[in-house]
Amino acid sequence: MEGDSQLELYDAVAAGLKEAHRQVRRLHLPDSEREVLVRRLLVITAASKHDLAAASRRLDRLMKEFEEIARGRFPSA
């Protein structure tokens, strides 16, 4: 059922956003860079209210960037 898949996607995005916020707090970054990441998370959160699938894709990209940052590689903006 489509409603069930939408609910599952909502749950996945909510869990992903929670994890992303946790990772932002954990990363050793200057405040200015941390602010940029937090703002991106807020934009994704707002987007999830209108287009859940697009928000999920954006969140996935951001999480991959977090992995690169944690490895010491900073992706280009």
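I'd like the full set of residues that are of a type in the set (Asp, Glu) and over 13 Å from Val13 (Cβ atoms), limited to the range 41-75.
Pass one, the range 41-75, residues of a type in the set (Asp, Glu): 51, 60, 65, 67-68.
Of everything in the range 41-75, those that are of a type in the set (Asp, Glu) and over 13 Å from Val13 (Cβ atoms) turn out to be Glu65, Glu67, Glu68.
Regarding Ala14, is this residue aliphatic (A, V, I, L, M), surrounded by 10 or more Cβ atoms within 10 Å (Cβ to Cβ) and touching a residue at least 40 places away in the same chain (Cβ under 8 Å)?
no
Being of a type in the set (Asp, Glu), open to solvent by 50 Å² or more (accessible area, probe 1.4 Å) and under 17 Å from Arg22 (Cβ atoms) is the filter; apply it to the range 46-67 and report the residue that is modelled with the highest pLDDT.
Within the range 46-67, the subset of a type in the set (Asp, Glu) is 51, 60, 65, 67.
This time we only want the ones that are open to solvent by 50 Å² or more (accessible area, probe 1.4 Å), so: 51, 60, 67.
Narrowing the set further to residues that are under 17 Å from Arg22 (Cβ atoms) leaves 60, 67.
Values: Asp60: 96, Glu67: 87.
Across the range 46-67, the extreme among qualifying residues is Asp60.
Considering only residues that are open to solvent by 100 Å² or more (accessible area, probe 1.4 Å) and either among the aliphatic types (A, V, I, L, M) or over 30 Å from Leu7 (Cβ atoms) (or both), which ones fall in the range 21-34?
Quick first cut of the range 21-34, residues open to solvent by 100 Å² or more (accessible area, probe 1.4 Å) only: 25-26, 28, 31.
Listed by number, the residues that qualify are His28, Asp31.
The values are calculated or read from the model by the stated rules, or taken from the named source; none is laboratory data. This structure is a prediction, so every number in the text was calculated from the model and none was measured. For neighbour counting, all protein chains shown are included, and Cβ atoms are generated from backbone atoms with ideal geometry for every residue, glycine included. These accessible areas exclude ligands, DNA and RNA; they are computed on the full protein's heavy atoms, side chains included. Shrake-Rupley method; radii C 1.70, N 1.55, O 1.52, S 1.80 Å.
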